[in-house]
Structures are given as C-alpha cells and as structure tokens.
Amino acid sequence: MAHVVHVWNVGRMTYTPALRLQKHLTERYKSAIDSSSNTKSINDILLLVEHDPVYTVGIRNREYDKKEEMRLKNLGAEFHRTNRGGLITFHGPGQLVAYPIMNLKNLENPGVRCYVSAIEETIIMMCKAFGIRAERSPHTGVWVADNKICAIGIHASRYITSHGLALNCNTDLKWFEHIVPCGIEGKGVTSLTRELGLEMSINRTIPHFLRSFSSTFKCKLQPLPQESAELLIAGIQ
C-alpha cells in the first residue's frame, strides 16, 4: 500500500521562517525515533513554498565572503548560508520551491543518491507531459539543453530529508545574471514559461508537479489537515 505524504502549500514565505519550519519538522521526526515511538504515525510532509527574493549557498560556500554577500543583498535580495548540498542559487517569486520532509526508510531504496534521482525524475516526467525535453546531466538538477530549469540541493540526517528543489515557473530569470548558478560555468537557466511560450504560474504548475511526484515516489498525496498545520506553525513561534 502506498505510504501517505501530506502536502502543505504554505504560499509566499520569506526564507528564515521556512528554514525554521523545516528544522521543526525534521526534529519532530528524530524525536519520535529517539523515543522509540511509532514513527509510522508521523506522515512525510511535502512543503510547497514561494520565496521572496533570496540567494542561498550550500555547504561549499567559500567563494561567497562578506563582500559578495553585501553585493547580492544590495540587489534587493536576502542572503543565507545553509547546510544543503550544492553551491549558490536563487529563489524568488514565480519559482515553485518544494521541501520534502521525508523519512528515506519509507522509500523502496533509502539511499540519498536514489532520492535525488527520484526528484530529478519527478521534474523530467512533468516536463515530458508538457512536451519539454528535460534531462539529467553530470551536474545535479534538471536541464533543458544547457539551461537548468530545476535546481536541487538536499540535506539528509538520520534518513530524514530537508531542503529540496526549486522549479522555475515564471521566475524573473534576470536574478540569475548576478551569480554563477550552482557554480557551473558556461550554463544558463530557463523556465516553464520560457520553454512553453505561455505564462506558467506556480498555481498552474502545482497540480502537474504533484501528479508526477506521487507517481515517481509511489505515494498517496493528501492535504495536510488545517489543525495539524496550525499546531506546526505554533511550534516554530
């Protein structure tokens, strides 16, 4: 029987509260494991977020000193250093950011590499449904030719995942001109809107993304109950 993943679309949210929410959810999972409770009573949660403009760097962040941080902040964006994999990227309006808070042991293959591959497959299959030929490359993420359409950077601790993917829907791609996205020279970025030649908002994209996610991860998606969402929000305040 397919395991249940609760979908929580939190809407527009700045980056810091989203980090706190992820931390709260992952610690909740780990506490259940430490107390030997029945972790099956805790459902995986797929957070869907749209961020205000923010540049984030992963654990390989040596190139971005205080001077670089201030340069990017002066563009009108926030700047954050995180514990995810990967280098620098941008999140902002028009970009669907998904943070799966999942126990990898719920998957057929609990390996981190297989998990990242499944995220890539989710986006590839969704793009295929739109008639977009998206693919993997030696670099993590999903690409349309030499242009990245979806960035991926994850963290896993004791099989519990955080961070995730950022899919450009109708993002203003000019934000990426100020960085070397994901540290990859000579490559560009693209979006669903650019590839399809029509406006693809986040809300228009979400049903297609969820359908592909459910199929790839062999899970049953259900909305997170409002009462549960309120309790979780209270936990980070």
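The values are calculated or read from the model by the stated rules, or taken from the named source; none is laboratory data. What you see is a predicted model, and the numbers here were worked out from it, not measured in a lab. Positions of Cβ are backbone-derived with ideal geometry, glycine not excepted, and every protein chain shown enters the neighbour counts. Side chains are part of the model used for accessible areas, which takes the heavy atoms of the whole protein and leaves out ligands, DNA and RNA. Shrake-Rupley method; radii C 1.70, N 1.55, O 1.52, S 1.80 Å.
Listing for the model above:
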read-out: Centroid-to-centroid separation of the range 207-221 and the range 57-128 [C-alpha atoms, Å]; value: 20 Å
read-out: Inter-label distance for Thr14 and Ile33, nm, one decimal - labels placed 7 Å from Cα along Cα-to-Cβ; value: 3.2 nm
read-out: Whole-number Å³ per residue for the convex hull built on Cα positions in the chain; value: 127 Å³
read-out: Contact order normalised by residue count of the range 4-235, Cα under 8 Å, 6+ apart, percent; value: 23 percent
read-out: The chain: most fluctuating residue of Ala18, Ala32, Ala98 per GNM, C-alpha cutoff 10 Å; value: Ala32
read-out: Nitroxide proxy distance, nm - points 7 Å out along Cα→Cβ at Lys218 and Arg113; value: 2.0 nm
read-out: Packing-based order for 154-160, 111-117, 85-91, using average beta carbon neighbours within 10 Å, highest first; value: 85-91, 154-160, 111-117
read-out: Per-pair calculated FRET efficiency, R0 = 22 Å: His3 and Arg211 via Cβ, rounded to 0.05; value: 0.80
read-out: Fraction of accessible area attributable to carbon and sulfur, the chain (%, probe 1.4 Å); value: 50 percent
read-out: Amide H partners (placed H, <5 Å) of Ile154, local residues excluded; value: Gly85
read-out: Theoretical FRET efficiency, 1/(1+(r/R0)^6), r = Cβ-Cβ of Lys105 and Ser228, R0 22 Å, to 0.05; value: 0.55
read-out: Pairs from Lys30/Lys220; Lys30/Lys218; Lys148/Lys187; Lys128/Lys148; Lys105/Lys220; Lys67/Lys174 whose Cα-Cα separation, in the structure shown, is over 18 Å; value: Lys30/Lys220; Lys30/Lys218; Lys67/Lys174
read-out: About the Cα centre, charge dipole magnitude for the chain (Lys/Arg +1, Asp/Glu -1 at Cβ), debye; value: 380 debye
